[in-house]
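*Asks:* One structure is given below, represented as structure tokens, and several questions about it will come after.
The values are calculated or read from the model by the stated rules, or taken from the named source; none is laboratory data. Bear in mind the structure is a predicted one, so any value in this text is a computation, not a measurement. Reconstructed Cβ throughout: ideal geometry from the backbone, glycine too, with neighbour counts over all protein chains shown.
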Amino acid sequence: MSIRIIRTGNDPVLRQVAKPVPVINKGIEKLLDDMAETMYHADGVGLAAVQIGVMKRIAVVDVGEGLVELVNPNIIEKEGIQTGTEGCLSLPGLRGDVTRAQRIKVRATNRQGDSVEYVAMDLFARAIQHEIDHLDGILFIDYLQPSEIIHEQEQEFRS
Ligand code: ZN
């Protein structure tokens, strides 16, 4: 496994639409491993392949209940609304309150190539929606007015 470089800021890959994965092979398994390692190293709760410059529809999520690997994920049901604070590994120093569905059902392929479904609520649902947005070139700040984006304070001095 290896830790990949996370693309940030105005990097154009963050605005591209990722392509479906036709088949799970060794390369995809290695990519899933690297994505999980990169996410944990960065202390994130989710990571999309586009964030490491790979334009494939793959995301990993772990909100503290174990690693979930999603290849070609699609949200097939959405219910309710929730509003909560989000940040993004690709937008360091920014955060803001985003309204999303409170409960979702997502269908994806796992690393064995099987079709799987997850019912996700609350933070788990939020993280999946955030990651699937990345696969379509969408960032959480797109839902916010400039005045709603919080810039974390710079340190005034370093000693
Ligand atoms: Zn993100």
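*Asks:* Among the residues that make up region 57-68, is at least one of them within 16 Å of the ligand (Cβ to nearest atom) and in a helix (DSSP H, G or I)?
*Replies:* So the first thing to find is which residues in region 57-68 are within 16 Å of the ligand (Cβ to nearest atom), and the list is 57-63, 68.
Checking which are in a helix (DSSP H, G or I) leaves us with none.
For region 57-68, residues within 16 Å of the ligand (Cβ to nearest atom) and in a helix (DSSP H, G or I): absent.
*Asks:* Restricting to region 80-104, name every residue that is under 22 Å from T8 (Cα atoms) and of a type in the set (D, E, K, R).
*Replies:* Answer for region 80-104, where residues must be under 22 Å from T8 (Cα atoms) and of a type in the set (D, E, K, R): E86, R95, D97.
*Asks:* Test each condition in (1) within 19 Å of I6 (Cβ to Cβ); (2) touching a residue at least 60 places away in the same chain (Cβ under 8 Å); (3) out of contact with any Pro (no Cβ under 7 Å at 6 or more places or on another chain) for I138 and report the one that comes out false.
*Replies:* (2)
*Asks:* Within region 39-55, restricting attention to residues that are out of contact with any Leu (no Cβ under 8 Å at 6 or more places or on another chain) and either of a type outside the set (F, W, Y) or under 17 Å from N10 (Cα atoms) (or both), which residue is surrounded by the most Cβ atoms within 10 Å (Cβ to Cβ)?
*Replies:* Filtering region 39-55 for residues out of contact with any Leu (no Cβ under 8 Å at 6 or more places or on another chain) gives 40-41, 43, 46, 52-53, 55.
After this cut, where a residue has to be either of a type outside the set (F, W, Y) or under 17 Å from N10 (Cα atoms) (or both) as well, the list is 41, 43, 46, 52-53, 55.
On the way: H41: 11, D43: 7, G46: 25, I52: 21, G53: 14, M55: 14.
It comes out as G46.
*Asks:* Among the residues of region 121-138, are any out of contact with any His (no Cβ under 6 Å at 6 or more places or on another chain) and either at pLDDT below 95 or part of a strand (DSSP E or B) (or both)?
*Replies:* yes
*Asks:* Residues of region 80-120 being surrounded by fewer than 18 Cβ atoms within 10 Å (Cβ to Cβ), assigned to a strand (DSSP E or B), more than 16 Å from the ligand (Cβ to nearest atom) and of a type in the set (G, A, S), which ones?
*Replies:* Hit for region 80-120 is S115, nothing else.
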